[in-house]
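The values are calculated or read from the model by the stated rules, or taken from the named source; none is laboratory data. All values derive from a computational prediction rather than experimental measurement. Reconstructed Cβ throughout: ideal geometry from the backbone, glycine too, with neighbour counts over all protein chains shown. Quick note on the areas: whole protein, heavy atoms, side chains included, nothing else; ligands and nucleic acids left out. Shrake-Rupley method; radii C 1.70, N 1.55, O 1.52, S 1.80 Å.
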Amino acid sequence: MNRVTVARVDLDAIRSNFRAISSFFPSTPDKAAPGIIAVVKANAYGHGAAEVGPALEQAGAAMLACADIEEGIVLRRAGVRIPIIVFGALGVSDLDGVFQHYLTPTISTPSAARALQAAAAKHGSILKCHLKIDTGMNRLGFRHDNLARTLPEVASSRNLAIDAVYTHFATADELESPAFAMQSERFDRACATLASIGIVPRARHAANSAALLRDGRVWYDFVRPGLLLYGIVPAPLASTMLLRPALSLHSRVVHVKGLRPGEGVGYGLRTVFDRPATIAVVPAGYADGLDRRLAGNGYMLVRGRRAPIVGSVCMDMTMIDVTGTDVAPGDEVVIVGEQGAESIGFRDMAASIGTISYELLCRVGARIERVYSEP
């Protein structure tokens, strides 16, 4: 590819982050440390699932997790052999891929249970599944307070084997919200009632990156880190883990232009200079995943200095103010990452525009080439 804007993905950083997460959990004679279900949905948060999945398997992940059957197939075709759990709703999906590629589906609705039972019977197999309990997020899952009515049909499904039960926290990263403790208590109660319904799962899991950092009581048998694997701590939490951001965004200056006082730049001429100014054009825009709100709020690095994003983020280009810096076409620009003593992280960028790191990572455009590095 000839595009100058690229994403550099450090697979060794991902493996190192996995080891740091593993070391976070104490192991005692009475209780083993939880296993790690590595979350690689949404193309491994924009890092590239076909490359990241095998790296995490090599690092020691017990399972990988994806959003749908198609994502699971990508992982299998990349050579992943460990179990792959599919988080998404499958009641209206073509389920043959579950059996052909040995995926572990989630049963989160009665219709999914019926569809999976029928498909497993057709294939003449006993299908291992994970059962999702809705403890208050009110998205997918069987309601925690209605299990005696909704789960007997699942328990009687001859071709379904409930291997694990899980839930998902709605406010794990909101430290003041009482909902986190409420959901945890509801999940514990729900798990305690499963045996009376005829369901005895081997394992439980609930903790995403934020939850595993804040409360060891929700580690259970497995944890499900996502963002932490990629070297980013969910805001506003902090951690002493030695994490390394795995993805950085790089480009180059393609044009430098001088502006006179009173002249503006970009669509809408939203930035008008009251002084002589120099702007540099960077060939990356919102089609590459850059948020338009970065104009006036964000920065890029060039010549080791922060250059404000000015004007408007265009589809294919962004302008930065390089007044007073000796910048020329061809100079490297760091959109996210380090240059000299300066750095810009996805968490910093997200905070500047009022969003979350997850969104910005997943929006890194498909036309940006991922360049993978190994030690």
### Task
Of the numbered conditions (1) open to solvent by 70 Å² or more (accessible area, probe 1.4 Å); (2) closer than 19 Å to residue 218 by Cβ; (3) touching a Lys or Arg at 6+ places or on another chain (Cβ under 9 Å), residue 3 fails exactly one; give the number of that condition.
(2)
### Message
For segment 251-286: of the residues being touching a Cys at 6+ places or on another chain (Cβ under 9 Å) and of a type in the set (Gly, Ala, Ser), which is farthest from residue 322 (Cα to Cα)?
### Response
285
### Query
Is there any pair with a first residue in segment 247-275 that is closer than 22 Å to residue 335 by Cα and a second that is at pLDDT 95 or above and basic (Lys, Arg) whose Cβ atoms are under 9 Å apart and which are 6 or more apart or on different chains, and what are they?
247/8; 247/370; 248/8; 249/8; 250/8; 265/257
### Summary
In segment 85-139, residues that are in contact with a strand residue (DSSP E or B) (Cβ under 7 Å, 6 or more places away or on another chain) and among the basic types (Lys, Arg) total 2
### Message
Testing residue 90 on (1) at pLDDT 95 or above; (2) under 18 Å from residue 119 (Cα atoms), one condition comes back false. Which one is that?
### Response
(1)
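For segment 207-246, which residues satisfy the criterion of being of a type in the set (Ser, Thr, Tyr), more than 24 Å from residue 43 (Cα to Cα) and in contact (Cβ under 8 Å) with a residue 12 or more places away in the chain?
Within segment 207-246, the first condition is being of a type in the set (Ser, Thr, Tyr), and the residues that meet it are 209, 220, 230, 239-240.
Those left that are additionally more than 24 Å from residue 43 (Cα to Cα): 220, 239-240.
220, 239 - these are the residues of segment 207-246 that are of a type in the set (Ser, Thr, Tyr), more than 24 Å from residue 43 (Cα to Cα) and in contact (Cβ under 8 Å) with a residue 12 or more places away in the chain.
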### Query
For segment 6-22, how many residues are open to solvent by less than 40 Å² (accessible area, probe 1.4 Å) and of a type in the set (Ser, Thr, Tyr)?
1
### Task
Take residue 315 and decide whether it is out of contact with any Phe, Trp or Tyr (no Cβ under 8 Å at 6 or more places or on another chain) and modelled with pLDDT of 95 or more.
no
## Note on the structure
A careful count of residues in segment 129-160 that are under 19 Å from residue 170 (Cα atoms) and assigned to a loop (DSSP other than H, G, I, E, B) gives 9
### Query
Only one of (1) over 18 Å from the mean Cα position of the chain (by Cα); (2) open to solvent by 10 Å² or more (accessible area, probe 1.4 Å) fails for residue 147. Which number is that?
(2)
#### Entry: Sole exception among (1) in contact (Cβ under 8 Å) with a residue 40 or more places away in the chain; (2) surrounded by fewer than 15 Cβ atoms within 10 Å (Cβ to Cβ) for residue 169, by number
(2)
#### Entry: Close pairs from segment 291-303: first on the phi > 0 side of the Ramachandran plot, partner polar (S, T, N, Q) and part of a loop (DSSP other than H, G, I, E, B), Cβ under 8 Å, at least 6 apart
303/325
### Summary
Of (1) over 21 Å from residue 13 (Cα atoms); (2) surrounded by fewer than 21 Cβ atoms within 10 Å (Cβ to Cβ), residue 271 fails just (2)
### Matching residues in segment 23-44 - criterion: being assigned to a helix (DSSP H, G or I) and open to solvent by 10 Å² or more (accessible area, probe 1.4 Å)
23, 24, 41, 42, 43
### Task
Answer yes if at least one residue in segment 105-128 is in a helix (DSSP H, G or I), out of contact with any Ser or Thr (no Cβ under 7 Å at 6 or more places or on another chain), over 24 Å from residue 221 (Cβ atoms) and free of Cβ contacts under 8 Å to residues at least 12 places away in the same chain, and no otherwise.
yes
### Message
Given the criteria of a type in the set (Lys, Arg) and at pLDDT 95 or above, does residue 270 qualify?
### Response
no
